[in-house]
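This report concerns only the one structure given below.
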Amino acid sequence: MSIAASVSGYLYRKPRLRLGMLLSAPLLWLGLAYLGALAALFVTAFWHTDTFTGQVVTEWSLDNFATLVSDEVYRTITLRTLGIAVAVTVVDAVIAFPMAFYMAKFASPRAQRILVIAVMTPLWASYLVKAYSWRVMLSGNGLVGWLFGATPGYGLAATIITLSYLWLPYMILPIYAGLDRLPNSLVEASGDLGARSWRTFRSVVLPLTFPAIVAGSIFTFSLTLGDYITVKIVGGANQMLGNVVYDNIGAANNLPFAATVATVPVVIMLVYLFVVRRTGALDNL
Amino acid sequence: MRNSRTLRLIAGLMCAGTAVAACGTSSTSSSSGGGQGFTPPKLEAMSQLGQPEGALNILAWPGYAENGSNDPAVDWVTPFEQATGCKVNVKTFGTSDEAVSLMKTGQYDVISASGDASLRLIAAGDVEPVNTSLVPNYADVYDFLKNKPWNSVHNTAYGVPHGWGANVLTYRTDQVSPAPTSWSVMFDPNSPFKGKVIAYDSPIYIADAALYLMKTKPELGIKNPYALDDKQFQASVDLLKQQRPLVSEYWSDYLKESQALKNGDAVVGTAWQVTVNLTQSEGAPLESTLPTEGATGWSDTWMVSAKSPHKTCAYKWMDHIISPEANAKVAEYFGEAPANPKACSLTADAKHCETYHAGDSAYASQIWYWTTPITQCIDGRTDVQCKDYGEWTRAWTEIKG
């Protein structure tokens, strides 16, 4: 009997060992590299740095969190970031729904495939190229000004436009998947019972696809919360949470405070996920 | 200081898990004694050169280590590689703060540090003293650039002076007239260029506000824009908060600034001469000026990393970069005064050194060179505490809002 055969025979008799070996690599990855790094981040948040030499001092204190809560500027930045995230999510949902609706319910199977690819193509291009193209388009003598006679210029509006553009595919695809699963018979039944199209949409389509919209919003929301590049490119003088994190590492070399600030989006997302858990949105991911 | 075993274990895990470089040993360097308010870690300079190691990792300001990839005509790295066999890797940084963080990774052998970074690098033990007798071209460097507070500690040289210049006021000639002569176009709340002002994105920019207040509000008694007590600091921060609505953007990437000035999204701002030159070469009607209040500026020093495995190459590079030929090319490309007087006869524009007041120590003393603010006031006051760089950084986030 060859070694391979004896090993496989041994493993066959020990199902637990088999399972353990199969799962050890992903568990190690999840446990150590992923959650471990995250845990280390939170530990760092309780340390501080020597302001002159920039070295991390490993003394426990809550000072960083106290600064985060007491300084008005961080509240302003958190609220601004939240506002942008909500606006981007709403803009994306409003644009994505009709698009996904057409794709799922009206387009021919062939057109459906082409449209899905068309929605995905922007994801294959570099984030930076797309953001900088918006910088050029929104500039004083750029395409937007030329087409519409005015441009919002660099600022919060430009940030919302650019981020909405960047994350739109992440909203369209979950809604499309949700609508695709919605049986046509339900829509027809609603019509047979005398409901007009708006009523059908409001009472049948929307409630059944709401979890899909929420699933898409998790993407647009969390991606916006963590972004700092777009706002640096088109945001004018504004800053978001990501910039505070970046500045504290890149400029101030204050890793502990950066870690403290980084907990804010994590907490916001945890609260958000807790709230949307009941809609069944997580089953749609 | 509680430094239990578990804590160290967690710290170790953090280093392993996040691969972050900033987690060295947590030696809190005492900041007492010494003429400059701190005692640097004890490190020895090289006593003699060895064989070039064949590689060199350079951390430089954009424009300081050009290898022809931006412009085939602009190249002083390739001749160095051919002469010494040291294969050069260049990483550029946008702000001194970024440079300090990058230097902590220990991946770079030499750095072109400005005065607001050099003291921090010295204090943290990231750079070591330089044996200037191993740098033959050092003898030629202007004396007024040697052993300055930003490139030496207690008369020990920590690097080789490279060049200096001012953070100039730049403006679009087609939109800003008459030509401005004061920083007030950037600070006056009634400035006609509201929303078209572009300012530097770094805590050290607070010094620009302090410099302006030094001349416009003498009652504050600011003697040095890098030595600010509570009241002076607050006044500077307030001035910048008041400037915030005027600002269209804060720049740290000089190419982004160049683009904004070229497209007219910004018409007036603080810039380096290299940005002005670059933008002019692309056809934008741009001029720069040194306002009546004076300006902040930089005096840069090439320093050697304490952890460098390529120290012979590093010394060869320092000698090369302040050689008359290379120093002339850098100074002209970047738009600054060279450190080596012999460079002046080699610039393409014969009047370059005159334009930039290269040998003019009186002019040089008018510029307030970036210096790291520390709690000991560097203007000599002993009765008050000054704001240190940590406070400057926190205030900067607050200013941007």
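Miscellaneous remarks
- Of all residues in segment A:36-45, at least one satisfies being more than 10 Å from chain B (Cβ to nearest Cβ), at pLDDT 85 or above, in contact with a Pro (Cβ under 9 Å, 6 or more places away or on another chain) and under 30 Å from B:LEU119 (Cβ atoms).
- Filtering segment B:129-142 for residues that are closer than 29 Å to B:GLU391 by Cα and buried (at least 16 other Cβ atoms within 10 Å of the Cβ) leaves a non-empty set.
- Any chance B:ASP174 is surrounded by fewer than 22 Cβ atoms within 10 Å (Cβ to Cβ), acidic (Asp, Glu) and at pLDDT below 95: yes
Each row is one residue, and each column tells you yes or no for (1) hydrophobic (A, V, I, L, M, F, W, C); (2) closer than 17 Å to B:TRP317 by Cα; (3) open to solvent by less than 40 Å² (accessible area, probe 1.4 Å); (4) outside the structural domain of B:SER114 (by TED's automatic domain parsing).
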{"site": "B:PRO41", "(1), (2), (3), (4)": "no, no, no, yes"}
{"site": "B:TRP61", "(1), (2), (3), (4)": "yes, yes, yes, no"}
{"site": "B:ASN67", "(1), (2), (3), (4)": "no, yes, no, no"}
{"site": "B:GLU81", "(1), (2), (3), (4)": "no, yes, no, no"}
{"site": "B:THR84", "(1), (2), (3), (4)": "no, yes, yes, no"}
{"site": "B:VAL88", "(1), (2), (3), (4)": "yes, yes, yes, no"}
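- Residue match in segment A:142-155 (condition: among the β-branched types (Val, Ile, Thr) and farther than 29 Å from A:PHE210 by Cβ): yes
- Counting only residues that are surrounded by fewer than 18 Cβ atoms within 10 Å (Cβ to Cβ), over 23 Å from the mean Cα position of the chain (by Cα), touching a residue at least 24 places away in the same chain (Cβ under 8 Å) and facing chain A (nearest Cβ under 9 Å), segment B:246-282 holds 1 of them.
This table checks each residue for (1) of a type in the set (Lys, Arg); (2) surrounded by 15 or more Cβ atoms within 10 Å (Cβ to Cβ); (3) under 19 Å from B:LYS400 (Cα atoms).
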{"site": "A:SER190", "(1), (2), (3)": "no, yes, no"}
{"site": "A:VAL204", "(1), (2), (3)": "no, yes, no"}
{"site": "A:GLY226", "(1), (2), (3)": "no, yes, yes"}
{"site": "A:GLY236", "(1), (2), (3)": "no, yes, yes"}
{"site": "A:ASN254", "(1), (2), (3)": "no, yes, yes"}
{"site": "A:ALA259", "(1), (2), (3)": "no, yes, no"}
{"site": "A:VAL271", "(1), (2), (3)": "no, no, no"}
{"site": "A:GLY280", "(1), (2), (3)": "no, no, no"}
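- Per the listing B:LEU121, B:LEU145, the residue uniquely within 14 Å of another protein chain (Cβ to nearest Cβ) and either among the small types (Gly, Ala, Ser) or within 15 Å of the chain's Cα centre (by Cα) (or both) is B:LEU121.
- Every listed requirement among (1) under 25 Å from the mean Cα position of the chain (by Cα); (2) within 14 Å of chain B (Cβ to nearest Cβ); (3) hydrophobic (A, V, I, L, M, F, W, C); (4) open to solvent by 90 Å² or more (accessible area, probe 1.4 Å) is met by A:TRP60 save one, (1).
- Flag if A:ALA212 is at pLDDT 90 or above, over 14 Å from the mean Cα position of the chain (by Cα), among the hydrophobic types (A, V, I, L, M, F, W, C) and open to solvent by 10 Å² or more (accessible area, probe 1.4 Å): no
- For segment B:318-351, the tally of residues that are open to solvent by 50 Å² or more (accessible area, probe 1.4 Å) and polar (S, T, N, Q) stands at 1.
- Taking residues in segment B:55-80 that are free of Cβ contacts under 8 Å to residues at least 12 places away in the same chain and at negative phi, and partners anywhere that are open to solvent by less than 30 Å² (accessible area, probe 1.4 Å) and assigned to a loop (DSSP other than H, G, I, E, B), the pairs with Cβ atoms closer than 9 Å and at least 6 places apart or on different chains are B:ASN70/B:PRO62; B:ASN70/B:GLY63; B:ASP75/B:GLU66; B:ASP75/B:GLY68; B:THR78/B:GLY68.
- Inter-residue pairs, beta-carbon under 9 Å, first more than 10 Å from every other protein chain (Cβ to nearest Cβ) and in segment B:96-110, second among the acidic types (Asp, Glu) and buried (at least 22 other Cβ atoms within 10 Å of the Cβ), 6+ apart: B:GLY106/B:ASP126
- Scope segment B:202-227; condition assigned to a loop (DSSP other than H, G, I, E, B) and either surrounded by fewer than 22 Cβ atoms within 10 Å (Cβ to Cβ) or at pLDDT 95 or above (or both); matching residues: B:LYS217, B:GLY221, B:LYS223, B:ASN224
- Close pairs from segment A:72-92: first over 17 Å from A:THR220 (Cβ atoms), partner open to solvent by 10 Å² or more (accessible area, probe 1.4 Å) and among the acidic types (Asp, Glu), Cβ under 6 Å, at least 6 apart: A:VAL73/B:GLU398
- Residue match in segment A:255-269 (condition: of a type outside the set (D, E, K, R), outside any helix (DSSP H, G or I), touching a helix residue (DSSP H, G or I) at 6+ places or on another chain (Cβ under 7 Å) and in the same structural domain as A:ILE218 (by the TED database)): no
- Answer residue from segment A:133-142, given it is assigned to a helix (DSSP H, G or I) and buried (at least 18 other Cβ atoms within 10 Å of the Cβ) and is farthest from the other protein chains (Cβ to nearest Cβ) among those: A:TRP134
- Test for B:LEU169: is it part of a strand (DSSP E or B) and open to solvent by less than 10 Å² (accessible area, probe 1.4 Å): yes
- Tallying residues that are of a type outside the set (Phe, Trp, Tyr) and in a loop (DSSP other than H, G, I, E, B) within segment B:90-108 yields 6.
- Listed conditions (1) assigned by the TED database to the domain that holds A:LEU156; (2) β-branched (Val, Ile, Thr); (3) open to solvent by less than 40 Å² (accessible area, probe 1.4 Å) are all met by A:VAL86, apart from (3).
- Among the conditions (1) within 30 Å of B:ALA124 (Cα to Cα); (2) within 14 Å of chain B (Cβ to nearest Cβ); (3) in contact with a helix residue (DSSP H, G or I) (Cβ under 8 Å, 6 or more places away or on another chain), the only one that A:GLN55 does not satisfy is (3).
- Residues within segment A:52-94 that are in a loop (DSSP other than H, G, I, E, B) and closer than 19 Å to A:LEU41 by Cβ, tallied: 7
- Conditions (1) touching a residue at least 40 places away in the same chain (Cβ under 8 Å); (2) under 30 Å from B:GLN259 (Cα atoms); (3) in a helix (DSSP H, G or I); number of the one not met by A:ALA157: (1)
- Taken together, the criteria place A:PRO26 among residues that are more than 10 Å from chain B (Cβ to nearest Cβ), open to solvent by 50 Å² or more (accessible area, probe 1.4 Å), under 30 Å from A:MET171 (Cβ atoms) and without any contact (Cβ under 8 Å) to a residue 12 or more places away in the chain.
The values are calculated or read from the model by the stated rules, or taken from the named source; none is laboratory data. Computed from a predicted model, the values in this text were never measured in an experiment. Cβ: placed from backbone, ideal geometry, glycine included. Neighbour counts: every protein chain shown. With ligands, DNA and RNA removed, areas are computed over all heavy atoms of the protein, side chains included. Shrake-Rupley method; radii C 1.70, N 1.55, O 1.52, S 1.80 Å.
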